[in-house]
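The values are calculated or read from the model by the stated rules, or taken from the named source; none is laboratory data. This structure is a prediction, so every number in the text was calculated from the model and none was measured. Here Cβ is always computed from backbone atoms with ideal geometry, including for glycine, and neighbour counts include all displayed protein chains.
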Amino acid sequence: MQPLATRNRRKPARPMRILLIWSIVSALLFGLAGFADPIDDMFRAIRNKAREHNASGQVAVVGIDTLAQQEIGNWPWSTQRYATMIENLSQAGARRIFFDFPMNVAQNDPDLPRLVNAMKGMNGHVHIAANFAPEAAGDTQTQVLPLPELRSVAGLVNTNIRTNGFNVAWNMPYSNTVGDRTIPSIASAITGVTGSEGQSFPIDYSIRMRSLPYFSATDVVENTASLDQLRGRDVIIGTNATGIGNRYAVPGHGPSASVFVAAIAAETLIGGAPTTYGWWVPFLVALVTCALMLRVSRTPLVLGAMGHYAWKLHRQTFDERGMVNEVSGQPNLNALRSAGHATHEGLVAARIHNYAEAATALPSAAEKELVDQIVMRLTLGNGGCKVYQGDEGIFMWMMPAASINNVGDQLAGLSAIFRSPANVSGRLIDLSIAFGVDADPGRTIQSRMSSALLACQEAQNAGEHWRVYDPTKLEATEWRVSMLGELDAAIDNGEVWVAFQPKLDLLSGEICGAEALVRWTHPEKGPINPEEFITAAERHDRIEKLTDHVLNRAVQVAAKLNANGQRFDMAVNLSPRLIGHANLKPMVIQTLRRHGLPAERLILEITETAAMSSAEAAMQELRDLRSLGLQLSIDDYGTGFSTLDYLKRCPATELKIDRSFVKMLVTSRSDRIMVNSTIELAHSLGEEVVAEGVEDSETLQLLAQMGCDKAQGYLIGRPMPFEALIDYLESHSPAKAA
Ligand code: C2E
Ligand code: CA
Ligand code: CA
């Protein structure tokens, strides 16, 4: 080998050669480590936009979406439900059925035979997922093979996908190895197109996602007529709601459920198997060219060493792929899934409900700044735990098991931190947040994440800051059945009682009435959430006795309070299910008569529902009740279906603004607009307005300024037993106050 100096003397163009060598080395580095992926991906996205075209229609998607979860129940679903879906799809003439997620069915599940039968009925045309899950530590994998009973009647598909650092799945494997079997991806199983071991093909995202025939799982479970459109098609069933199942970033679409990626991949193969030249093809071409130009014997050595280094780097970054949020760079829920695989810590979910609204109002570059501020606040209040970011304003973290006992204080503190608006690019943004906790480490991280989110949603619906997931709800059906069995007796033996929450007249400053709220203090379980047992009673047609009980007590109390010439209105909640019930009107008349209360002093609060707003019969029923002289209030106004037309037809005397709008009144401009316009609208229709959920005096003042007629909430008084109400009225009477 010659000394460098001599060689350099012989070859005059030295800077040119160094430049070339470095170009090759960096090209190799970029290629292997994926540094150029973002640029490459951007070009691909642009190319796809130009080539956009519709799907063939052979593949339809059935989504377990938000609607399905609301109407049918939270995912994961029961075996029986999967069986129903297969039966109904089979009846509708679906060609083949593919499940995009592993079904968790236990060997001793009583509904297993029904599921097996349903699959048998499809003659081997049902395919279920057999996947692997990476363990948190080490290179091992957990294999998820379905039960042998199911394997004998169904085909297997693999739904594992590899994503890049931006959570984009550009490629779909033809097959993957699970245990000792090679299992095709859904795309490969649908089309019969196969590749060699470990080979994948690029997914053609120029196929319009919107052109895929889509059905909500609700349609399938409820067997609606629209299922006819599935005749002869291949159906992929997957999750399609935030917080459940896998989601990937799809170029040009944003975060999308994995079922859509599976369907587009299948459509790609239907359109003809594509070929791909990786980054290494142009690289090799460049390398050969450069080698020819340099004609130097040592170049391959240098390149070999650099190549080895780059490969190591590539292996290292591999694990981090798909683990960060594409906008903020924050670790995402995939990262939480692998980090929390075997954790014994508590899991907290936070959701900013107006996140989408806030983010769209900002210039796109500022979204990262918004997330940074949110994460900073969360970290400040959660004791420094690492925060993971999901889609649509969802954040999660794991909390040390020891902190679970004072989780309430911590989350109340966090709520307080979020009360002041965020300042992003000079703009003040109100953030409305709620928290949900899963404290049961005995389950899979995926199921715990769903529970924490569910608790978070429940907290928000109830206007609370936070809630802990209640595992007894897991056996919801059993508990409901046994609870309902106890309810009748509980009413008779006094466990079910009525609390009264005072209402303030904003004009006179006097307490003008109360709302009756049912309570059940169970001897062993303690207080039971009224919404839970009321919903159960409604679903199983047991609401009549409960209503009768509450109405009787409320009217009895009202009669007492009106006895000495004072005016005190009593509001009672009426389940919409009772509207149109033959016994309702006689029950009201008899109760008023029994206690001698003038009908005008009774307010019936009814939440509007879709069914009610469209049915003329229901309106007639309400007019009928009104004709007794009592008052009618539209409860939870703003969350339901009230169209202007409904408001005009409904014979209500009062609108009760839902507490979700009242909660943020001082800080949220949009809520102020909503409340203001509701007040105007109600007054123009000759109706009064009550604001519920008033918790602070600033809100109360603002409501008074806006012309709201009445207010109710913790600030004025909590729901209380009759005896406490008497004391309360005593100390709040104008005589006392003066
Ligand atoms: P609702 O009619 O909207 O009742 C008001 C709910 O808000 C009550 O919850 C009350 O405790 C709570 N609340 C009152 N002030 C505040 C406040 O300042 N802040 C917050 N965050 N919450 C406040 P509760 O008692 O849990 O009742 C829940 C729901 O159950 C009621 O919502 C109503 O829809 C239903 N319900 C209660 N009693 C009956 C009943 O006797 N019959 C029927 N059909 N439904 C009932
Ligand atoms: Ca109410
Ligand atoms: Ca309400």
Single condition T218 does not satisfy, out of (1) part of a loop (DSSP other than H, G, I, E, B); (2) in contact with a Leu (Cβ under 8 Å, 6 or more places away or on another chain): (1)
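Quick one: which strands (runs of 3 or more DSSP E) lie wholly within the stretch 472-575 and hold at least 3 residues that are within 20 Å of E605 (Cα to Cα)? Can you show your working first?
On the way: elements: 496-505, 511-522, 526-528, 569-574.
The strands (runs of 3 or more DSSP E) meeting that bar are 496-505, 511-522, 569-574.
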Only one of these conditions is not met by A217: (1) surrounded by fewer than 23 Cβ atoms within 10 Å (Cβ to Cβ); (2) under 23 Å from the mean Cα position of the chain (by Cα); (3) under 24 Å from P146 (Cβ atoms); (4) not aromatic (F, W, Y). Which number is it? (1)
Note: among I72, I128, I86, I97, just one is farther than 23 Å from G232 by Cβ and surrounded by 16 or more Cβ atoms within 10 Å (Cβ to Cβ), namely I72
Cβ-Cβ under 7 Å pairs, at least 6 apart or on other chains, the stretch 450-463 side farther than 15 Å from E392 by Cβ, far side in a helix (DSSP H, G or I) and modelled with pLDDT of 85 or more: G463/R659; G463/S660; G463/K663
Among the numbered conditions (1) buried (at least 20 other Cβ atoms within 10 Å of the Cβ); (2) within 16 Å of ligand 2 (Cβ to nearest atom), tell me where Y714 comes up short. (1)
Looking at I528 and the list (1) within 11 Å of ligand 1 (Cβ to nearest atom); (2) modelled with pLDDT of 90 or more; (3) touching a strand residue (DSSP E or B) at 6+ places or on another chain (Cβ under 6 Å), which single condition is not satisfied? (2)
Scope the stretch 105-125; condition within 28 Å of the chain's Cα centre (by Cα) and surrounded by 15 or more Cβ atoms within 10 Å (Cβ to Cβ); matching residues: V105, D109, D111, L115
N160 vs. criteria free of Cβ contacts under 8 Å to residues at least 40 places away in the same chain, surrounded by 17 or more Cβ atoms within 10 Å (Cβ to Cβ) and on the phi < 0 side of the Ramachandran plot: yes
Six or more apart or on different chains, Cβ under 9 Å: which pairs go from a residue in the stretch 506-534 that's within 20 Å of N493 (Cβ to Cβ) to one that's polar (S, T, N, Q) and more than 10 Å from ligand 1 (Cβ to nearest atom)? Could you list them? K525/T472; P527/T521; I528/T521
Members of the stretch 178-214 that are under 31 Å from the mean Cα position of the chain (by Cα) and part of a loop (DSSP other than H, G, I, E, B): I203, D204, Y205, S206, R208, L212, P213
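If we only count helices (runs of 4 or more DSSP H) wholly inside the stretch 628-731, which ones have 3 or more residues that are within 16 Å of ligand 3 (Cβ to nearest atom), without any contact (Cβ under 8 Å) to a residue 60 or more places away in the chain and farther than 15 Å from I606 by Cβ? Break it down into steps so the answer makes sense when it comes.
Numbers: elements: 644-649, 659-663, 669-684, 697-706.
Output list reads 669-684.
Give me the residue from the stretch 505-518 that is surrounded by 14 or more Cβ atoms within 10 Å (Cβ to Cβ) and more than 16 Å from ligand 3 (Cβ to nearest atom) and, out of that set, farthest from the chain's Cα centre (by Cα).
Of the stretch 505-518, the ones surrounded by 14 or more Cβ atoms within 10 Å (Cβ to Cβ) are 505-506, 510-518.
Within this subset, residues satisfying the condition of being more than 16 Å from ligand 3 (Cβ to nearest atom) are 505-506, 510-512.
Working: D505: 38, L506: 38, E510: 42, I511: 39, C512: 39 Å.
Among those that are surrounded by 14 or more Cβ atoms within 10 Å (Cβ to Cβ) and more than 16 Å from ligand 3 (Cβ to nearest atom), it is E510.
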If you take the residues of the stretch 171-199 that are closer than 27 Å to V324 by Cβ and in contact with a Lys or Arg (Cβ under 8 Å, 6 or more places away or on another chain), which of them is modelled with the highest pLDDT? P173
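Select, from P721, P651, the only residue that is in the same structural domain as M570 (by TED's automatic domain parsing), within 15 Å of ligand 1 (Cβ to nearest atom) and over 27 Å from the mean Cα position of the chain (by Cα).
P721
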Got a sec? Which of P523, P598, P576 is away from ligand 2 (no atom under 16 Å from the Cβ) and modelled with pLDDT under 95? P523
So which residues in the stretch 148-170 are farther than 10 Å from A130 by Cα and either in contact with a Lys or Arg (Cβ under 7 Å, 6 or more places away or on another chain) or assigned to a loop (DSSP other than H, G, I, E, B) (or both), if there are any at all? S152, V153, A154, I161, R162, T163, N164, G165, F166, N167, A169, W170
The condition from (1) touching a His at 6+ places or on another chain (Cβ under 9 Å); (2) under 30 Å from M706 (Cβ atoms); (3) at pLDDT below 95 that E544 misses is numbered (2)
Kindly provide the set of residues from the stretch 316-354 that are touching a residue at least 60 places away in the same chain (Cβ under 8 Å) and assigned to a helix (DSSP H, G or I), ordered by number. T317, L333, N334, L336, R337, S338, A339
Restricting to the stretch 392-421, count the residues that are surrounded by fewer than 18 Cβ atoms within 10 Å (Cβ to Cβ) and touching a Lys or Arg at 6+ places or on another chain (Cβ under 7 Å). 1
By residue number, the members of the stretch 441-470 that are within 16 Å of ligand 3 (Cβ to nearest atom) and in a loop (DSSP other than H, G, I, E, B) are A462, G463, E464
By residue number, the members of the stretch 617-648 that are within 16 Å of ligand 1 (Cβ to nearest atom), among the β-branched types (V, I, T) and within 27 Å of the chain's Cα centre (by Cα) are T639
